[in-house]
Amino acid sequence: MIGELIDVGDDVQIWASSRGDGPTVLLSAGLGMPAQTWTFTGLPDALVDAGFQVIEYSARGVAPSSAPPAPYSVHDIAADAAEVLDRYGADEAIIVGYSMGCYVSQALLDVWGGTVRGLAMVAGLRSSTIGVVVNEMELELIDKLGHVPASVSLFEQLMTTPSAAILHDDAQVANWRAMLGGASGDVWTSIDGQHGCTRASYDWMRSGEPTVERLEDIGCPTLVVGFGDDMFFPAPGSQEAASHIPNAQWLLVDGLGHGGLIFDPEHRATAAVTAFCEGL
């Protein structure tokens, strides 16, 4: 994927790319998720084929973007995304968030001067206690060891990415272990990047975000997608949160874990997000 490093101020550079012609769609990825990971969802190709300009970026702290000293806030990450939109000349856009990218998408409504035509949030609207505990564990490990061991990251992914049915099948778990272990790599620019992004996620959840007031203030058409076996963002909580957004559609995709956007062979969430964008 051809991209560039964009100077967003304060000696921070954000890796981003743009392709396609038409209305702009910005893709905001999850915690520690490089922009290139979107390829595996099929969403960028589907949107380009549907006639959209698609902008992807790696958040501060995620390679190859800069990793300024921690801590960061969700609004810091959103401000970077706003600069990326401005760099590509967008004055209006549809914002799509996945996992933590849903936090950033909501914060963009606060910090970007352009018009948000629509908001799609996939597996990231209302976090669970498990999500809080995992972030607490990661932050404690960083404080004590200076990093999160690869075995811990792999265990987290194994327990949250597949569906519950897969987790009961040891042969499939072994396959997922091999796949996730081989694909993990070093996604962080530095330990500051991992610390900063994890802290931003944790602070957002611990502060009670998204509040009912924030949800009620979302004025644009919104699509909220939940996965039935998602332990980080359980579907009932996200559905309840979506009920406070004035112009929201709710979609439940059953039988998938938190990684459903990437690993669903039917790409149901991808199809739903593409159709939502086309309908705006």
Select, from V96, V133, V84, the only residue that is β-branched (V, I, T), assigned to a helix (DSSP H, G or I), more than 22 Å from V212 (Cβ to Cβ) and open to solvent by less than 10 Å² (accessible area, probe 1.4 Å).
V84
Going through region 160-170 one residue at a time, which ones are more than 10 Å from L180 (Cβ to Cβ) and either among the charged types (D, E, K, R) or touching a helix residue (DSSP H, G or I) at 6+ places or on another chain (Cβ under 7 Å) (or both)?
I166, L167, D169, D170
Restricting to region 213-231, name every residue that is open to solvent by less than 50 Å² (accessible area, probe 1.4 Å) and closer than 24 Å to I94 by Cβ.
R214, L215, I218, C220, P221, T222, L223, V224, V225, G226, F227, D230
Over region 232-247, the set of residues open to solvent by less than 40 Å² (accessible area, probe 1.4 Å) and either closer than 17 Å to V273 by Cβ or of a type outside the set (A, V, I, L, M, F, W, C) (or both) is F233, A235, G237, S238, A242, I245
Inspect region 66-74 for any residue being open to solvent by less than 40 Å² (accessible area, probe 1.4 Å) and within 20 Å of C220 (Cα to Cα) and give the result as yes or no.
no
Looking at region 142-184, which of its residues are in a helix (DSSP H, G or I), under 24 Å from Y202 (Cα atoms) and open to solvent by less than 50 Å² (accessible area, probe 1.4 Å)?
I142, V152, S153, L154, E156, L158, T160, L180
Taking the condition at pLDDT 95 or above and within 17 Å of L108 (Cβ to Cβ), does D45 pass?
no
Check off (1) more than 30 Å from P246 (Cα to Cα); (2) at pLDDT 95 or above for R177 and give me the number that stays unchecked.
(2)
Could you grab the pairs with beta carbons closer than 9 Å, sequence gap of 6+ or different chains, first residue in region 5-20 and free of Cβ contacts under 8 Å to residues at least 40 places away in the same chain, second one surrounded by fewer than 19 Cβ atoms within 10 Å (Cβ to Cβ) and part of a strand (DSSP E or B)?
D7/Q13
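The values are calculated or read from the model by the stated rules, or taken from the named source; none is laboratory data. Here the structure is a predicted model, which is why all the values come from computation and not from measurement. Neighbour counts run over all protein chains shown; Cβ positions are idealised from the backbone, glycine included. When the accessible area is computed, the model is the full protein with side chains, heavy atoms only, and any ligands, DNA or RNA have been set aside. Shrake-Rupley method; radii C 1.70, N 1.55, O 1.52, S 1.80 Å.
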